[in-house]
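Down below is the structure, laid out as structure tokens.
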DNA sequence: ACCTGAACACCGTTCAAGT
DNA sequence: ACCTGAACACCGTTCAAGT
């Protein structure tokens, strides 16, 4: 476990005294010693940790390199560029989200109550990992470009929702609307609640999202059941 | 003291296109000639234009200065920093959005059809100005900080929604749930549809959001009416 | 194959100085 | 009051060179 040797170089606005400081001339790793572990994965996890703790803006390639005691360009052996690293972070987020959703669905008994639990789990994930969640929904991504792994991970999470809805339709619990459209709608509802909560639009307390999620899921389900009543 | 200046660091690595640009070595304005118009507003509009055309990542203070034929530090006379400029951009977006919503509501006859039109207008705004819309929901903003003007503008847009719902409740057209919660839910639905469309999660065509919006508003209204049937 | 360190072009921000 | 231009510290990325 590496504890990062704290004030890296960030302390801006400090006068010339700093410039005059010794500079701690290059940590100088024992020559010939390379990382040799699974550096790619280590970089990914370090990036996720930084993002969760301090937000995307605080993520610098130099910083993650330093955290792992590795040159700041070593990363380019494993990722095309910073965007590529962020795509990997996003993909991992979608996989974790899918696991959370599936877990809520299955441990909830796969009924309408489980569906509700799934909705809550979705919002909880976002509220618990706001920065990571935001990276998943690429405010940062250069338009359109999106690698296949990320696309697959996103589609996988969406599929968990589609499967649950399909089961509900088969059970006659909700309207038999086109599955993709209906799933898109449900996704939009939980995504909207999550984003508003994260952006503090629901008030200073991000957990306000959990409360709204309860109302939203209830109203949502009511709407999907309506024609059956 | 160590006031941390917000780490900007979007704008990854402009490729060679930019480096290859003429550079137009210091426009050298006729000495003694200053802008003297409403520079603050000119800066704001230039920023909005750049954001709408090329996205937030393409916005640089140097760039907007150059666009207006003004030094790249002139901006600091009118905005505290880049974040402050972006907050002003966001506030203006909320005011335009509010106008769009109110227009849809009123010209729609203030009934349930008008409410539907409002939902569509919301999504249309986002799909038409994706980058601007994203700035409004501060993926970029250093957590929590939010100036009063922006807060007021956001609350104003939300109020348009609250007013419409209050009218519907009074008319007995929808459930009489707590207004703030119900409005938060409706907002979440349209916001979710808008964000998914913008992020191309609904497919490569952003106008897929308009189609989903139709289904969403219908399902939404059905849910809000349900207990009245 | 994997990593380093210097170099490059680009940022936001500060500040003494000009009008 | 408003603006300039040089300077500063920080970036992501490239590349020749090391092991």
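Conditions: (1) crowded, with 19+ Cβ neighbours inside 10 Å; (2) part of a helix (DSSP H, G or I). Residue A:138 meets all but one. Number of the miss?
Condition not satisfied by residue A:138: (2).
Exactly one of these conditions fails for residue A:215: (1) surrounded by 17 or more Cβ atoms within 10 Å (Cβ to Cβ); (2) more than 19 Å from residue A:123 (Cβ to Cβ); (3) facing chain B (nearest Cβ under 8 Å). Give me its number.
(2)
In this structure, does residue A:161 turn out to be more than 8 Å from every other protein chain (Cβ to nearest Cβ) and in contact (Cβ under 8 Å) with a residue 40 or more places away in the chain?
Here the answer is yes, as residue A:161 does meet what is asked.
Out of the residues in the stretch B:181-190 meeting the condition of being crowded, with 24+ Cβ neighbours inside 10 Å and touching a residue at least 12 places away in the same chain (Cβ under 8 Å), tell me which one is nearest to the other protein chains (Cβ to nearest Cβ).
Out of the qualifying residues, it is B:189.
From the list A:42, A:90, A:47, A:58, pick out the single residue that is within 9 Å of DNA strand D (Cβ to nearest atom) and within 21 Å of residue A:133 (Cα to Cα).
Within the list A:42, A:90, A:47, A:58, the selection yields A:58.
Is the stretch B:30-45 home to any residue that is more than 9 Å from DNA strand C (Cβ to nearest atom) and at pLDDT below 65?
Yes - at least one qualifying residue is present in the stretch B:30-45.
Test residue A:169 against the stated conditions and say whether it is free of Cβ contacts under 8 Å to residues at least 24 places away in the same chain and either over 21 Å from the mean Cα position of the chain (by Cα) or in a loop (DSSP other than H, G, I, E, B) (or both).
Considered against the rule, which asks whether it is free of Cβ contacts under 8 Å to residues at least 24 places away in the same chain and either over 21 Å from the mean Cα position of the chain (by Cα) or in a loop (DSSP other than H, G, I, E, B) (or both), residue A:169 comes out as yes.
For the stretch B:46-85: of the residues being more than 21 Å from residue B:138 (Cβ to Cβ), in a loop (DSSP other than H, G, I, E, B) and within 8 Å of DNA strand C (Cβ to nearest atom), which is modelled with the highest pLDDT?
Restricting to residues being more than 21 Å from residue B:138 (Cβ to Cβ), in a loop (DSSP other than H, G, I, E, B) and within 8 Å of DNA strand C (Cβ to nearest atom), the top hit is B:73.
Which of the following residues is crowded, with 18+ Cβ neighbours inside 10 Å, more than 16 Å from DNA strand C (Cβ to nearest atom) and under 19 Å from residue B:159 (Cβ atoms): B:99, B:117?
B:117
Look at residue A:149 and say whether it is over 15 Å from residue A:117 (Cα atoms) and not in a helix (DSSP H, G or I).
no
Please work out if residue A:109 is at pLDDT 90 or above and either within 29 Å of residue A:162 (Cα to Cα) or in a loop (DSSP other than H, G, I, E, B) (or both).
So residue A:109 passes the test.
The values are calculated or read from the model by the stated rules, or taken from the named source; none is laboratory data. It should be emphasised that the depicted structure is a prediction, and the values quoted were computed from it without experimental measurement. As a convention, Cβ positions derive from the backbone with ideal geometry for all residues, glycine included, and neighbour counts pool all protein chains shown.
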